[in-house]
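This report concerns only the one structure given below.
The values are calculated or read from the model by the stated rules, or taken from the named source; none is laboratory data. Remember, it's a predicted structure, so these values are computed and weren't measured experimentally. Here the Cβ positions follow ideal geometry from the backbone for every residue, glycine too, while neighbour counts run over all protein chains shown. Protein only, heavy atoms only, side chains kept; ligands, DNA and RNA dropped before computing areas. Shrake-Rupley method; radii C 1.70, N 1.55, O 1.52, S 1.80 Å.
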Amino acid sequence: MQVFNRHISPRGLTVFAFELVLIAGSVLYAMHLHGGVDTPGAIGKVFFITALCQLSFYYHDLYDLTVVNSRRELLVRLLQASGAASLLLAALYVIFPRLIIGHGVLASSVLFFVVAIVVWRLVFLQVGRARGLQEHVLIVGTSAGARTVAREVLDQHDYAYRIVGFIDDDPAMLGQSILNPKVIGTTADIVRLVREQRVNRIIVGLADRRGKLPIDQLLEAKLQGVRIEEPETTYERLTGKIMLGELKPSWLIFSDGFRARKLTRGAKRVVDVVLSVAGMLLAAPIMALTAIAVRLDTPGPAVYAQERVGEHGRTFMVYKFRSMRTDAERGGTPIWARDKDDRITRVGRIIRLMRLDETPQLWNVLRGDMSFVGPRPERPFFVEQLAKAIPFYPQRHAVKPGVTGWAQVRYRYGASIEDAREKLRYDLYYIKHMSIIFDLTIVFDTVKVILLRKGAQ
(Lines give C-alpha, C1' and ligand atoms only; values in the text may rest on other atoms or scores of the structure.)
Protein backbone atom coordinates (compact mmCIF):
# COMPACT_ATOMS: atom_id res chain seq x y z
CA MET A 1 0.00 0.00 0.00
CA GLN A 2 1.34 3.41 -0.98
CA VAL A 3 0.69 6.42 1.25
CA PHE A 4 2.33 9.79 0.45
CA ASN A 5 4.12 7.93 -2.40
CA ARG A 6 5.84 5.72 0.19
CA HIS A 7 5.16 2.03 0.66
CA ILE A 8 3.54 1.61 4.07
CA SER A 9 2.38 -1.79 5.25
CA PRO A 10 -1.29 -2.38 6.07
CA ARG A 11 -0.13 -3.83 9.39
CA GLY A 12 1.69 -0.61 10.25
CA LEU A 13 -1.34 1.47 9.37
CA THR A 14 -3.54 -0.81 11.47
CA VAL A 15 -1.29 -0.39 14.50
CA PHE A 16 -1.14 3.39 14.03
CA ALA A 17 -4.92 3.76 13.68
CA PHE A 18 -5.75 1.50 16.63
CA GLU A 19 -3.27 3.26 18.91
CA LEU A 20 -4.67 6.63 17.91
CA VAL A 21 -7.98 5.42 19.33
CA LEU A 22 -6.31 3.95 22.45
CA ILE A 23 -4.40 7.14 23.27
CA ALA A 24 -7.36 9.46 22.64
CA GLY A 25 -9.63 7.13 24.60
CA SER A 26 -7.18 7.01 27.52
CA VAL A 27 -7.00 10.80 27.67
CA LEU A 28 -10.79 11.13 27.55
CA TYR A 29 -11.20 8.50 30.28
CA ALA A 30 -8.60 10.26 32.48
CA MET A 31 -10.38 13.56 31.94
CA HIS A 32 -13.65 11.93 32.94
CA LEU A 33 -12.10 10.56 36.15
CA HIS A 34 -10.49 13.87 37.10
CA GLY A 35 -13.36 16.09 36.02
CA GLY A 36 -11.57 17.75 33.10
CA VAL A 37 -14.13 16.96 30.39
CA ASP A 38 -15.72 20.41 30.74
CA THR A 39 -12.37 22.20 30.31
CA PRO A 40 -12.58 24.82 27.50
CA GLY A 41 -11.29 23.32 24.24
CA ALA A 42 -11.15 19.82 25.76
CA ILE A 43 -11.55 17.95 22.46
CA GLY A 44 -8.85 20.01 20.77
CA LYS A 45 -6.50 19.31 23.68
CA VAL A 46 -7.21 15.59 23.41
CA PHE A 47 -6.26 15.62 19.73
CA PHE A 48 -3.13 17.66 20.49
CA ILE A 49 -1.95 15.22 23.17
CA THR A 50 -2.73 12.24 20.94
CA ALA A 51 -0.84 13.73 18.00
CA LEU A 52 2.19 14.57 20.14
CA CYS A 53 2.26 11.08 21.67
CA GLN A 54 2.05 9.41 18.27
CA LEU A 55 4.78 11.70 16.97
CA SER A 56 6.98 10.54 19.86
CA PHE A 57 6.05 6.93 19.09
CA TYR A 58 7.01 7.42 15.45
CA TYR A 59 10.33 9.04 16.34
CA HIS A 60 11.09 6.07 18.61
CA ASP A 61 10.36 3.62 15.75
CA LEU A 62 7.35 2.07 17.45
CA TYR A 63 5.60 1.86 14.08
CA ASP A 64 8.50 -0.01 12.51
CA LEU A 65 7.24 -3.52 13.18
CA THR A 66 10.53 -5.06 12.08
CA VAL A 67 12.37 -3.13 14.81
CA VAL A 68 9.71 -3.65 17.47
CA ASN A 69 9.28 -7.40 17.19
CA SER A 70 9.92 -8.54 20.75
CA ARG A 71 8.32 -7.85 24.11
CA ARG A 72 11.50 -6.33 25.51
CA GLU A 73 11.98 -3.98 22.56
CA LEU A 74 8.33 -2.98 22.72
CA LEU A 75 8.42 -2.18 26.44
CA VAL A 76 11.71 -0.26 26.29
CA ARG A 77 10.71 1.89 23.32
CA LEU A 78 7.18 2.44 24.62
CA LEU A 79 8.47 3.71 27.97
CA GLN A 80 11.05 5.90 26.26
CA ALA A 81 8.49 7.39 23.88
CA SER A 82 5.88 7.91 26.60
CA GLY A 83 8.45 9.53 28.87
CA ALA A 84 9.63 11.86 26.11
CA ALA A 85 6.05 12.85 25.28
CA SER A 86 5.28 13.46 28.96
CA LEU A 87 8.32 15.67 29.45
CA LEU A 88 7.52 17.68 26.34
CA LEU A 89 3.90 18.11 27.39
CA ALA A 90 4.95 19.17 30.89
CA ALA A 91 7.28 21.79 29.40
CA LEU A 92 4.50 23.05 27.12
CA TYR A 93 2.15 23.31 30.10
CA VAL A 94 4.65 25.62 31.81
CA ILE A 95 5.00 27.79 28.71
CA PHE A 96 1.33 27.65 27.67
CA PRO A 97 -0.81 27.07 30.79
CA ARG A 98 -3.98 27.05 28.66
CA LEU A 99 -3.00 23.62 27.38
CA ILE A 100 -3.49 22.08 30.83
CA ILE A 101 -6.49 19.75 30.84
CA GLY A 102 -6.83 19.13 34.55
CA HIS A 103 -4.84 18.10 37.61
CA GLY A 104 -3.51 14.55 37.31
CA VAL A 105 -4.97 13.95 33.83
CA LEU A 106 -1.62 13.66 32.05
CA ALA A 107 -0.15 11.11 34.49
CA SER A 108 -3.33 9.01 34.44
CA SER A 109 -3.54 9.18 30.64
CA VAL A 110 0.02 7.94 30.22
CA LEU A 111 -0.56 5.08 32.65
CA PHE A 112 -3.78 4.06 30.90
CA PHE A 113 -2.48 4.11 27.34
CA VAL A 114 0.85 2.44 28.19
CA VAL A 115 -1.00 -0.52 29.72
CA ALA A 116 -3.55 -0.58 26.89
CA ILE A 117 -0.89 -0.45 24.18
CA VAL A 118 1.23 -3.18 25.79
CA VAL A 119 -1.79 -5.50 25.91
CA TRP A 120 -2.84 -4.56 22.35
CA ARG A 121 0.66 -5.07 20.91
CA LEU A 122 1.11 -8.46 22.59
CA VAL A 123 -2.22 -9.61 21.18
CA PHE A 124 -1.28 -8.17 17.78
CA LEU A 125 2.10 -9.95 17.77
CA GLN A 126 0.48 -13.25 18.70
CA VAL A 127 -2.38 -13.00 16.22
CA GLY A 128 -0.03 -11.77 13.48
CA ARG A 129 1.88 -15.05 13.63
CA ALA A 130 -1.25 -17.09 12.84
CA ARG A 131 -0.80 -18.78 9.46
CA GLY A 132 -4.37 -18.09 8.45
CA LEU A 133 -3.68 -14.35 8.49
CA GLN A 134 -0.45 -14.56 6.52
CA GLU A 135 -0.04 -14.10 2.78
CA HIS A 136 1.49 -17.23 1.25
CA VAL A 137 4.29 -16.50 -1.24
CA LEU A 138 5.70 -18.86 -3.86
CA ILE A 139 9.02 -17.89 -5.49
CA VAL A 140 9.62 -19.11 -9.05
CA GLY A 141 13.37 -19.37 -9.58
CA THR A 142 16.42 -19.56 -7.34
CA SER A 143 18.46 -16.73 -8.88
CA ALA A 144 20.43 -14.21 -6.82
CA GLY A 145 17.53 -11.78 -7.16
CA ALA A 146 15.05 -14.37 -5.91
CA ARG A 147 17.26 -15.15 -2.93
CA THR A 148 17.72 -11.46 -2.12
CA VAL A 149 13.97 -10.93 -2.02
CA ALA A 150 13.46 -14.10 0.03
CA ARG A 151 16.02 -12.85 2.55
CA GLU A 152 14.18 -9.52 2.84
CA VAL A 153 10.84 -11.29 3.33
CA LEU A 154 12.29 -13.46 6.10
CA ASP A 155 13.99 -10.54 7.87
CA GLN A 156 11.00 -8.18 8.01
CA HIS A 157 7.75 -8.17 10.00
CA ASP A 158 5.87 -5.24 8.46
CA TYR A 159 4.23 -7.39 5.80
CA ALA A 160 2.51 -10.65 6.70
CA TYR A 161 4.34 -12.71 4.06
CA ARG A 162 5.22 -16.37 4.51
CA ILE A 163 7.33 -18.12 1.87
CA VAL A 164 5.90 -21.57 1.17
CA GLY A 165 8.84 -22.55 -1.03
CA PHE A 166 10.82 -22.14 -4.24
CA ILE A 167 10.26 -23.47 -7.76
CA ASP A 168 13.23 -24.74 -9.76
CA ASP A 169 13.32 -26.43 -13.17
CA ASP A 170 16.00 -28.86 -12.05
CA PRO A 171 14.30 -31.91 -10.44
CA ALA A 172 17.57 -32.61 -8.59
CA MET A 173 16.97 -29.44 -6.54
CA LEU A 174 13.74 -30.79 -5.03
CA GLY A 175 13.90 -30.77 -1.22
CA GLN A 176 17.04 -28.66 -1.07
CA SER A 177 16.94 -25.67 1.26
CA ILE A 178 17.35 -22.20 -0.25
CA LEU A 179 18.11 -19.96 2.73
CA ASN A 180 15.37 -21.52 4.86
CA PRO A 181 12.42 -22.41 2.59
CA LYS A 182 12.98 -25.42 0.34
CA VAL A 183 12.51 -26.12 -3.35
CA ILE A 184 9.06 -27.73 -3.42
CA GLY A 185 8.50 -28.27 -7.13
CA THR A 186 9.23 -27.50 -10.75
CA THR A 187 7.40 -25.10 -13.06
CA ALA A 188 5.01 -27.89 -14.02
CA ASP A 189 3.81 -27.99 -10.39
CA ILE A 190 2.87 -24.30 -10.08
CA VAL A 191 -0.90 -24.69 -10.50
CA ARG A 192 -1.02 -27.65 -8.10
CA LEU A 193 1.09 -25.85 -5.49
CA VAL A 194 -1.07 -22.73 -5.74
CA ARG A 195 -4.06 -24.85 -4.81
CA GLU A 196 -2.41 -27.00 -2.14
CA GLN A 197 -0.40 -24.24 -0.44
CA ARG A 198 -3.12 -21.59 -0.83
CA VAL A 199 -0.66 -19.27 -2.54
CA ASN A 200 -1.64 -15.58 -2.66
CA ARG A 201 1.42 -14.16 -4.40
CA ILE A 202 4.00 -15.48 -6.87
CA ILE A 203 7.37 -13.78 -7.30
CA VAL A 204 9.00 -14.62 -10.63
CA GLY A 205 12.75 -14.56 -10.03
CA LEU A 206 14.16 -16.48 -12.98
CA ALA A 207 17.70 -15.45 -13.94
CA ASP A 208 16.98 -16.07 -17.65
CA ARG A 209 13.38 -16.03 -18.85
CA ARG A 210 14.01 -16.68 -22.52
CA GLY A 211 12.15 -19.88 -23.34
CA LYS A 212 11.88 -20.74 -19.63
CA LEU A 213 9.03 -18.55 -18.41
CA PRO A 214 6.07 -20.84 -17.51
CA ILE A 215 3.50 -18.57 -19.15
CA ASP A 216 0.57 -21.02 -19.15
CA GLN A 217 1.00 -21.93 -15.47
CA LEU A 218 1.42 -18.31 -14.38
CA LEU A 219 -1.59 -17.20 -16.41
CA GLU A 220 -3.77 -19.89 -14.88
CA ALA A 221 -2.57 -18.91 -11.39
CA LYS A 222 -3.35 -15.27 -12.08
CA LEU A 223 -6.85 -16.15 -13.25
CA GLN A 224 -7.33 -17.88 -9.89
CA GLY A 225 -6.67 -14.57 -8.14
CA VAL A 226 -2.94 -14.94 -7.41
CA ARG A 227 -0.85 -11.77 -7.66
CA ILE A 228 2.15 -12.19 -9.99
CA GLU A 229 5.10 -9.82 -9.67
CA GLU A 230 8.79 -9.41 -10.32
CA PRO A 231 11.35 -9.54 -7.49
CA GLU A 232 12.27 -5.88 -8.09
CA THR A 233 8.70 -4.86 -7.24
CA THR A 234 8.60 -6.90 -4.03
CA TYR A 235 12.03 -5.69 -2.96
CA GLU A 236 11.00 -2.07 -3.53
CA ARG A 237 7.89 -2.49 -1.40
CA LEU A 238 9.73 -4.17 1.47
CA THR A 239 12.81 -1.93 1.63
CA GLY A 240 11.92 1.49 0.21
CA LYS A 241 14.74 1.22 -2.32
CA ILE A 242 15.44 -0.16 -5.80
CA MET A 243 17.22 -3.50 -6.28
CA LEU A 244 20.32 -2.95 -8.42
CA GLY A 245 21.90 -6.41 -8.53
CA GLU A 246 20.03 -7.85 -11.51
CA LEU A 247 18.13 -4.71 -12.51
CA LYS A 248 17.43 -4.44 -16.22
CA PRO A 249 16.92 -1.12 -18.05
CA SER A 250 13.57 -2.48 -19.29
CA TRP A 251 12.24 -2.55 -15.72
CA LEU A 252 13.10 1.12 -15.27
CA ILE A 253 11.45 1.94 -18.60
CA PHE A 254 8.22 -0.02 -18.19
CA SER A 255 7.60 0.26 -14.43
CA ASP A 256 5.35 2.94 -13.02
CA GLY A 257 6.99 6.16 -11.88
CA PHE A 258 10.21 7.87 -13.01
CA ARG A 259 8.16 10.58 -14.71
CA ALA A 260 7.73 13.71 -12.63
CA ARG A 261 5.24 16.00 -14.35
CA LYS A 262 5.88 19.68 -15.03
CA LEU A 263 3.21 20.52 -12.45
CA THR A 264 5.09 18.51 -9.79
CA ARG A 265 8.40 20.14 -10.66
CA GLY A 266 6.80 23.60 -10.67
CA ALA A 267 5.13 23.04 -7.30
CA LYS A 268 8.38 21.62 -5.93
CA ARG A 269 10.20 24.80 -6.99
CA VAL A 270 7.61 26.97 -5.22
CA VAL A 271 7.99 24.92 -2.04
CA ASP A 272 11.79 25.17 -2.34
CA VAL A 273 11.69 28.96 -2.51
CA VAL A 274 9.29 29.23 0.44
CA LEU A 275 11.24 26.78 2.62
CA SER A 276 14.65 28.26 1.75
CA VAL A 277 13.57 31.83 2.54
CA ALA A 278 11.80 30.77 5.74
CA GLY A 279 14.75 28.56 6.68
CA MET A 280 17.32 31.31 6.22
CA LEU A 281 15.26 33.75 8.28
CA LEU A 282 14.66 31.28 11.11
CA ALA A 283 18.19 29.87 11.07
CA ALA A 284 19.99 33.23 10.76
CA PRO A 285 20.92 33.45 14.49
CA ILE A 286 22.11 29.84 14.57
CA MET A 287 24.07 30.30 11.32
CA ALA A 288 25.75 33.41 12.74
CA LEU A 289 26.75 31.55 15.92
CA THR A 290 27.99 28.60 13.85
CA ALA A 291 30.14 30.88 11.69
CA ILE A 292 31.67 32.47 14.80
CA ALA A 293 32.32 29.06 16.39
CA VAL A 294 34.03 27.76 13.22
CA ARG A 295 36.30 30.81 13.01
CA LEU A 296 37.24 30.65 16.69
CA ASP A 297 37.93 26.90 16.61
CA THR A 298 40.50 26.73 13.80
CA PRO A 299 42.11 29.17 11.36
CA GLY A 300 40.38 29.57 8.01
CA PRO A 301 37.11 30.73 6.50
CA ALA A 302 33.79 29.86 8.14
CA VAL A 303 32.09 29.10 4.81
CA TYR A 304 33.66 27.42 1.80
CA ALA A 305 32.50 26.65 -1.73
CA GLN A 306 33.03 23.32 -3.45
CA GLU A 307 32.17 22.11 -6.95
CA ARG A 308 29.38 19.54 -7.13
CA VAL A 309 27.41 17.79 -9.89
CA GLY A 310 23.78 18.81 -10.18
CA GLU A 311 20.74 18.19 -12.37
CA HIS A 312 21.52 16.75 -15.84
CA GLY A 313 25.23 16.59 -14.91
CA ARG A 314 25.70 20.36 -14.69
CA THR A 315 28.23 21.49 -12.11
CA PHE A 316 27.71 24.25 -9.54
CA MET A 317 29.36 25.59 -6.40
CA VAL A 318 27.80 24.35 -3.16
CA TYR A 319 28.22 26.32 0.07
CA LYS A 320 28.87 24.74 3.47
CA PHE A 321 30.20 25.68 6.86
CA ARG A 322 33.77 24.41 7.10
CA SER A 323 33.93 21.31 9.31
CA MET A 324 37.46 20.14 8.44
CA ARG A 325 40.93 21.59 8.70
CA THR A 326 41.97 23.84 5.82
CA ASP A 327 44.71 21.33 4.87
CA ALA A 328 42.30 18.38 4.67
CA GLU A 329 43.32 17.71 1.04
CA ARG A 330 46.96 18.74 0.91
CA GLY A 331 47.73 17.04 -2.39
CA GLY A 332 44.76 18.62 -4.12
CA THR A 333 43.18 15.22 -4.80
CA PRO A 334 39.66 14.72 -3.36
CA ILE A 335 39.54 12.22 -0.50
CA TRP A 336 36.49 10.36 0.78
CA ALA A 337 35.26 11.65 4.11
CA ARG A 338 35.58 8.76 6.56
CA ASP A 339 33.61 7.76 9.61
CA LYS A 340 35.23 9.53 12.61
CA ASP A 341 37.56 11.32 10.20
CA ASP A 342 40.52 12.85 12.08
CA ARG A 343 40.46 15.83 9.67
CA ILE A 344 37.17 16.99 11.21
CA THR A 345 37.54 19.82 13.73
CA ARG A 346 35.95 19.89 17.19
CA VAL A 347 33.23 22.31 16.11
CA GLY A 348 32.98 20.51 12.79
CA ARG A 349 32.06 17.26 14.49
CA ILE A 350 29.20 18.96 16.32
CA ILE A 351 27.80 20.83 13.32
CA ARG A 352 28.01 17.73 11.11
CA LEU A 353 26.15 15.72 13.72
CA MET A 354 23.40 18.37 13.87
CA ARG A 355 23.53 18.97 10.08
CA LEU A 356 24.27 22.65 10.69
CA ASP A 357 27.15 22.52 8.20
CA GLU A 358 24.53 22.14 5.44
CA THR A 359 22.51 25.28 6.29
CA PRO A 360 24.36 27.60 3.83
CA GLN A 361 22.96 25.37 1.08
CA LEU A 362 19.62 27.11 1.59
CA TRP A 363 21.18 29.78 -0.62
CA ASN A 364 21.81 27.13 -3.28
CA VAL A 365 18.16 26.12 -3.02
CA LEU A 366 16.99 29.72 -3.43
CA ARG A 367 19.25 30.14 -6.46
CA GLY A 368 17.85 27.01 -8.06
CA ASP A 369 21.07 24.97 -8.02
CA MET A 370 19.50 22.54 -5.54
CA SER A 371 16.14 21.49 -4.19
CA PHE A 372 15.26 21.16 -0.52
CA VAL A 373 14.83 17.41 -1.02
CA GLY A 374 16.71 15.26 -3.51
CA PRO A 375 19.81 13.07 -3.92
CA ARG A 376 22.87 14.58 -2.26
CA PRO A 377 25.22 16.27 -4.77
CA GLU A 378 28.62 14.65 -5.19
CA ARG A 379 31.95 16.02 -6.36
CA PRO A 380 32.84 15.55 -10.09
CA PHE A 381 35.95 13.51 -9.20
CA PHE A 382 33.86 10.95 -7.29
CA VAL A 383 30.99 11.02 -9.79
CA GLU A 384 33.37 9.91 -12.53
CA GLN A 385 34.60 7.01 -10.39
CA LEU A 386 31.15 5.96 -9.20
CA ALA A 387 29.60 6.11 -12.67
CA LYS A 388 32.17 3.54 -13.84
CA ALA A 389 31.72 1.27 -10.83
CA ILE A 390 27.94 1.42 -10.26
CA PRO A 391 25.27 0.73 -12.92
CA PHE A 392 22.62 3.46 -13.32
CA TYR A 393 24.59 5.93 -11.19
CA PRO A 394 24.24 8.81 -13.71
CA GLN A 395 20.43 8.44 -13.50
CA ARG A 396 20.45 10.06 -10.06
CA HIS A 397 21.17 13.36 -11.84
CA ALA A 398 17.73 13.31 -13.46
CA VAL A 399 16.50 15.63 -10.68
CA LYS A 400 18.01 18.48 -8.69
CA PRO A 401 20.20 17.46 -5.76
CA GLY A 402 18.88 18.20 -2.29
CA VAL A 403 19.90 19.50 1.11
CA THR A 404 18.34 16.37 2.54
CA GLY A 405 17.05 13.24 0.84
CA TRP A 406 15.52 9.79 1.10
CA ALA A 407 18.96 8.17 1.27
CA GLN A 408 20.03 10.54 4.06
CA VAL A 409 17.10 9.66 6.31
CA ARG A 410 17.22 5.94 5.58
CA TYR A 411 20.95 5.15 5.49
CA ARG A 412 23.93 5.94 7.66
CA TYR A 413 26.68 8.35 6.68
CA GLY A 414 28.70 6.68 3.93
CA ALA A 415 32.20 7.09 2.55
CA SER A 416 32.85 4.23 0.11
CA ILE A 417 31.74 2.88 -3.25
CA GLU A 418 29.55 0.30 -1.52
CA ASP A 419 27.90 3.03 0.55
CA ALA A 420 27.32 5.02 -2.65
CA ARG A 421 25.74 1.93 -4.24
CA GLU A 422 23.39 1.51 -1.30
CA LYS A 423 22.43 5.19 -1.34
CA LEU A 424 21.77 5.00 -5.08
CA ARG A 425 19.11 2.37 -4.37
CA TYR A 426 17.31 4.91 -2.18
CA ASP A 427 17.91 7.77 -4.61
CA LEU A 428 16.33 5.85 -7.50
CA TYR A 429 13.34 5.01 -5.30
CA TYR A 430 12.94 8.72 -4.55
CA ILE A 431 13.20 9.68 -8.23
CA LYS A 432 10.62 7.03 -9.11
CA HIS A 433 8.09 8.25 -6.52
CA MET A 434 8.97 11.96 -6.35
CA SER A 435 6.11 14.17 -5.17
CA ILE A 436 5.50 17.18 -2.92
CA ILE A 437 3.93 15.02 -0.20
CA PHE A 438 6.85 12.59 -0.33
CA ASP A 439 9.23 15.55 0.06
CA LEU A 440 7.38 16.79 3.13
CA THR A 441 7.57 13.36 4.78
CA ILE A 442 11.34 13.33 4.12
CA VAL A 443 11.68 16.76 5.77
CA PHE A 444 9.69 15.33 8.68
CA ASP A 445 12.06 12.34 8.88
CA THR A 446 15.09 14.65 8.66
CA VAL A 447 14.02 16.26 11.94
CA LYS A 448 13.90 12.77 13.43
CA VAL A 449 17.43 12.01 12.19
CA ILE A 450 18.77 15.24 13.67
CA LEU A 451 17.02 14.81 17.02
CA LEU A 452 18.23 11.23 17.35
CA ARG A 453 21.72 12.26 16.24
CA LYS A 454 22.06 9.92 13.31
CA GLY A 455 24.01 12.45 11.28
CA ALA A 456 27.53 12.36 10.01
CA GLN A 457 30.24 11.65 12.56
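With each pseudo-label sitting 7 Å past Cα toward Cβ, what's the Ala267-Ile436 distance in nm, one decimal?
Distance between label points: 0.4 nm.
Largest first and in whole Å, give the semi-axes of region 288-380's equivalent ellipsoid, each being the square root of 5 times a Cα gyration tensor eigenvalue.
Square roots of five times the eigenvalues give 22, 16, 12 Å.
Taking a temperature of 25 °C and a viscosity of 0.890 mPa s, what whole-number D in µm²/s does Stokes-Einstein yield for region 338-392 with Rh from Kirkwood over alpha carbon pairs?
Taking Rh from Cα pairs, D becomes 180 µm²/s.
Please give the charge dipole size of the chain, origin at the Cα centre, charges +1 on K and R Cβ atoms and -1 on D and E Cβ atoms. Round to the nearest 20 debye.
620
Of Leu218, Val447, Gly300, which is farthest on the positive side of the dipole of the chain, counting Cα position, with +1 on Lys and Arg Cβ, -1 on Asp and Glu Cβ, and the Cα centre as origin?
Farthest along the dipole direction, towards plus: Gly300.
Spelling out what I want: for every residue of region 136-149, take phi, set θ = phi - 60°, compute 6.51 cos²θ - 1.76 cosθ + 1.60 (Karplus), and round to whole Hz; glycine and proline get x.
So the Karplus estimates, Gly and Pro as x, are 7, 10, 10, 9, 8, x, 10, 5, 4, x, 5, 5, 4, 5 Hz.
Which FRET efficiency, nearest 0.05, do Leu33 and Gln126 yield, Cβ-Cβ r, R0 35 Å?
Result of the calculation: an efficiency of 0.70.
Considering the Cα positions of region 1-117, please state its Rg to one decimal place and its Dmax as a whole number of Å.
Cα only, region 1-117: 14.8, 43 Å (Rg, Dmax).
If I stretch the segment between Ile8 and Arg210 completely, what's the gain in nm (0.36 nm per residue apart, minus their alpha carbon distance), one decimal?
69.3 nm
What Kirkwood hydrodynamic radius do you get for region 95-142 when you take the inverse of the mean 1/r over all pairs of distinct Cα atoms, in Å?
Taking every pair of different Cα atoms in region 95-142, averaging 1/r and inverting gives 14.8 Å.
Under a no-solvent Debye model with one identical scatterer per Cα of region 114-193, what's log10 I(q)/I(0) at q = 0.21, 0.23, 0.24 Å⁻¹?
Taking Cα atoms of region 114-193 as identical point scatterers yields -0.93, -1.05, -1.11.
Suppose only helical runs count, i.e. DSSP H with n ≥ 4. What mean residue ellipticity at 222 nm does that imply for the chain under -39500 (n - 2.57) per run, divided by all residues and rounded to the nearest 500 deg cm²/dmol?
-16500 deg cm²/dmol
Only residues of region 289-321 count here: report those whose backbone N is under 12 Å from the spot 7 Å along Cα→Cβ of Arg346, or say none.
294, 296-298
Can you give the accessible area of Ile228 in Å² (nearest 10), computed on protein heavy atoms with a 1.4 Å probe?
50
Roll a 1.4 Å probe over the protein heavy atoms and report the accessible area of His157 in Å², nearest 10.
Using a 1.4 Å probe on the heavy atoms, I get roughly 60 Å².
If you take the C-alpha gyration tensor of region 338-438, multiply each eigenvalue by 5 and take the square root, what semi-axes do you get, largest first, in whole Å?
22, 19, 13
For Leu289 and Tyr411 in one chain, what is 0.36 nm times their gap in residues minus the Cα-Cα distance, to one decimal in nm?
Gain on extension, Leu289 to Tyr411, equals 41.0 nm.
About its Cα centre, how strong a charge dipole does region 350-457 have in debye, to the nearest 20, once Lys and Arg get +1 and Asp and Glu get -1 at the Cβ?
Using Cβ point charges on Lys, Arg, Asp and Glu, region 350-457 gives about 180 debye.
Leaving ligands and nucleic acids out of the surface, order Val149, Val94 by accessible area at 1.4 Å, largest first.
Largest to smallest exposure gives the sequence Val94, Val149.
When ranked by the protection proxy of mean other Cβ atoms within 10 Å per residue, highest first, what sequence do the peptides 367-373, 444-450, 252-258 form?
Answer by packing, highest mean first, reads 367-373, 444-450, 252-258.
Scan around Asp158 for amide H atoms under 5 Å from its own, H built in the peptide plane at 1.01 Å from N, and keep only partners 5 or more places away or cross-chain.
Thr66
Enumerate the whole-percent occupancy of each 20 Å bin, from 0 to the last occupied one, for all C-alpha pair distances of the chain.
21, 46, 30, 3
Using the alpha-carbon centroid of each, what span in Å lies between region 61-98 and region 140-210?
40
Need one number: nm distance between label points at Ala278 and Leu219, each 7 Å from Cα along Cα→Cβ, rounded to one decimal.
A separation of 5.4 nm, rounded to one decimal place.
Expressed in nm to one decimal, what extension gain is obtained for the pair Asp155 and Asp61 from 0.36 nm per residue of sequence separation less their Cα-Cα distance?
The Asp155-Asp61 span can extend by a further 32.2 nm.
Where does region 188-285 land on the Kirkwood hydrodynamic radius, alpha-carbon pairs, in angstrom?
17.4
Go from 0 up to the bin containing the longest alpha carbon distance in region 54-181, width 10 Å each, and give me the % of pairs per bin.
The calculated distribution, bin by bin, is 11, 30, 23, 17, 11, 7, 2, 0.
Tell me the label-point distance for the pair Glu135, Arg338, using the 7 Å Cα-to-Cβ offset, in nm and rounded to one decimal.
4.4
So, with +1 on the Cβ of K and R and -1 on the Cβ of D and E, and no other charges, what is the size of the charge dipole of region 159-275 about its Cα centre, to the nearest 20 debye?
For this selection, approximately 740 debye.
Would you list which lysines come within 23 Å of Lys340, measuring only between C-alpha atoms, while excluding same-chain residues fewer than 8 positions from it?
Output for Lys340: Lys320, Lys423, Lys448, Lys454.
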